[in-house]
Amino acid sequence: MSLASAWSDDPDTTRALSACWEDLARKLPGPPSLVLVYGTEAHGLSELSATMQELAGAVPWAGGTSCRGVMTEEGFHQGKHVVGMLGIYDPQGAYGVGACAKGGSARNAGVEATNQALNATGRPGERPTLLWLVSSPGDEERVLSGIREVVGERVPVVGGSSADASVRGRWLQYAAGHQGNNSVVVVAMISHGGLASHFHSGYQPTTLRATVTAARGRTLLRLDGEPAAQVYDRWTQGALGDSAEGGPALMRTTLHPLGRAVGEVSHLQTYLLSHPESVTEDGGLNLFTNVREGDELVLMEGSPQSLVSRAGRVAQVAQEELQGPMAGALVTYCAGCMLTVNEDMPAVVTSLRQAMPDKPFLGVFTFGEQGCFPDGRSRHGNLMISVVCMSEVQ
């Protein structure tokens, strides 16, 4: 197995994609077995799809929009017209792509896209090494439940929800034969080389915690019987500011998410994070994940420094779990974290380079992250980092 990355900031979509494709062709030892494509929403969907179909031919490809740019081993590439590619050369492996519009059921879309992807590998009945997920934001838990209905709990699902530049709903999902803005795209990977992934964040738990006593989907209503926003604002010493009475709070809460304990790594507790997005008129908190009554939530805290350094650590842990020499990696980094540390993003790339010296990678910035925790269950979270490392041989 070999990997290669490429990127372009050419505003002409056809030229940008063609340049990336030619770059992959120079770097890989043969035609790619799979190509992942991520770009900003400024690249027109119809032109992108038509160009990729012409370039790729029978090669499976998939991807989605990434917030304001991408990163590769060559650097942090930010701009209005950025596109990035990761090519995987694995002639003894098998890769398939499936896609489905959500319509009235995100769960059913997850089922259909997964079945399509598995069938497209040409290896019916063989368990995939990993499923890569690209979904529109909003109901990722339902999508994951549909995927689990097909493959069960043993197959790791990793990926990220497609993003735009300013949370205006301009995110896109695309794949061979499919394009949309409210879809599920699944890539089934049956790798001849090994794969290893790690899913974590750059936040630490505080001593402040409470039990969810009222919730509705992604709206956290009460903690220990009190209005959730009131508790949260007290915990964070007024972080909500004038949003405490209702309104957007996204950038005020990035360094203070809520966490749920989901297992241990090296005797240290790991947490799945939820990012408060806004305050409701009745004092609730709208989140980017589902919560349930009875969940214990912990106030987490982070800093720009921790968000910068953690990416490399996540990559290091994934690499330590890999069997065989490393070929390259695929990185998901929360767009909220990227926007918070924006000027320090070159240092994030440096941390990844140090963890994976001289190895190609593609990093994308997402509005929700999916990954597998130590208990083997794949989950949806916020403000998270995932790294999938791929080995040259099994």
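Read-outs throughout are calculated quantities, based only on the coordinates presented, and are distinct from any laboratory measurement. Since this is a predicted model, take the numbers as computed values, not measurements. As a convention, Cβ positions derive from the backbone with ideal geometry for all residues, glycine included, and neighbour counts pool all protein chains shown.
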**Fill in**
the stretch 292-312 scanned against label point 7 Å out from R209 along Cα→C-beta; backbone N under 19 Å for 292-302
**Asked** Where a Cα-Cα gap under 20 Å defines reach, which aspartates and glutamates qualify for K80, not counting those fewer than 8 residues away within the same chain?
**Response** D9, D10, D12, E41, E47, D164, E343, D344
**Asked** By how many degrees, 0 to 90 and rounded to 10, does the Cα axis of helix 304-320 deviate from the longest principal axis of the chain?
**Response** 50
**Positive minus negative residues near M390 (Lys, Arg vs Asp, Glu; Cβ under 13 Å)** = -2
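Specify whether the C-alpha gyration tensor of the stretch 345-394 places it in the rounded, prolate or oblate class, a ≥ b ≥ c being the square roots of the eigenvalues: rounded for a/c under 1.5, otherwise prolate if a/b is larger than b/c and oblate if not.
Numbers: a/c = 2.45, a/b = 1.26, b/c = 1.95.
The shape class here is oblate.
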**Fill in**
Ratio for the stretch 202-304, C-alpha Rg to 2.2 N^0.38 Å, reads 0.99
**Request:** Kindly express, to the nearest 10 degrees and within the range 0 to 90, the angle between helix 13-27's C-alpha long axis and the longest C-alpha principal axis of the chain.
**Result:** 70
**Prompt:** Which of the peptides 203-215, 278-290 is most tightly packed, and how do the rest follow, judged by the mean count of other Cβ atoms within 10 Å per residue?
**Reply:** 278-290, 203-215
**13 Å cut-off, amide nitrogen to a point 7 angstrom out along L250 Cα→Cβ, residues in the stretch 287-312** = 287-288
**Asked** Over the chain, what is the relative contact order in whole percent, taking alpha-carbon pairs under 8 Å and six or more residues apart?
**Response** 20
**Fill in**
Taking 0.36 nm per residue of separation between R234 and V393 and subtracting their Cα-Cα distance, the length gained on full extension comes to 52.0 nm
**Message:** Please compute the contact order of the stretch 169-327 in relative form: average sequence separation of alpha-carbon pairs under 8 Å and at least six residues apart, divided by the residue count, as a percent.
**Reply:** 30
**Request:** Beta carbons within 10 angstrom, averaged per residue: use that to sort the peptides 154-165, 117-128, 57-68, highest first.
**Result:** 154-165, 57-68, 117-128
**Request:** Could you tell me how many degrees, from 0 to 90 and to the nearest 10, lie between the Cα long axis of helix 45-56 and the main elongation axis, the longest principal axis, of the Cα atoms of the chain?
**Result:** 40
**Complete:** Taking the alpha-carbon centre of each part, the distance from the stretch 201-219 to the stretch 351-382 in Å is 22
**Asked** Among all cysteines in the chain, which have no other cysteine Cβ under 4.7 Å from their own Cβ?
**Response** C20, C67, C100, C372, C389
**Message:** Going Cα to Cα from K102, which lysines come in below 25 Å? Please leave out same-chain ones fewer than 8 positions away.
**Reply:** none
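Mean separation of Cα pairs under 8 Å and 6+ residues apart, divided by the residue count of the stretch 174-263: what relative contact order is that in percent?
14
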**Message:** So if the hydrodynamic radius of the stretch 249-394 is defined as the Kirkwood radius over C-alpha pairs, what does Stokes-Einstein give as its diffusion coefficient at 4 °C and 1.567 mPa s, in µm² per second?
**Reply:** 80
**Prompt:** Stretched out fully, how many nm does the piece from R26 to D12 gain, at 0.36 nm a residue minus the Cα gap?
**Reply:** 2.9 nm
**Item:** Given (1) 38, 23, 22; (2) 43, 30, 17; (3) 33, 21, 21, the label whose value is semi-axes √(5λ) of the Cα gyration tensor in Å derived from this model
**Value:** (3)
**Request:** Among the lysines, select those whose C-alpha is under 22 Å from the C-alpha of K27, and discard any that sit fewer than 8 residues away in the same chain.
**Result:** K359
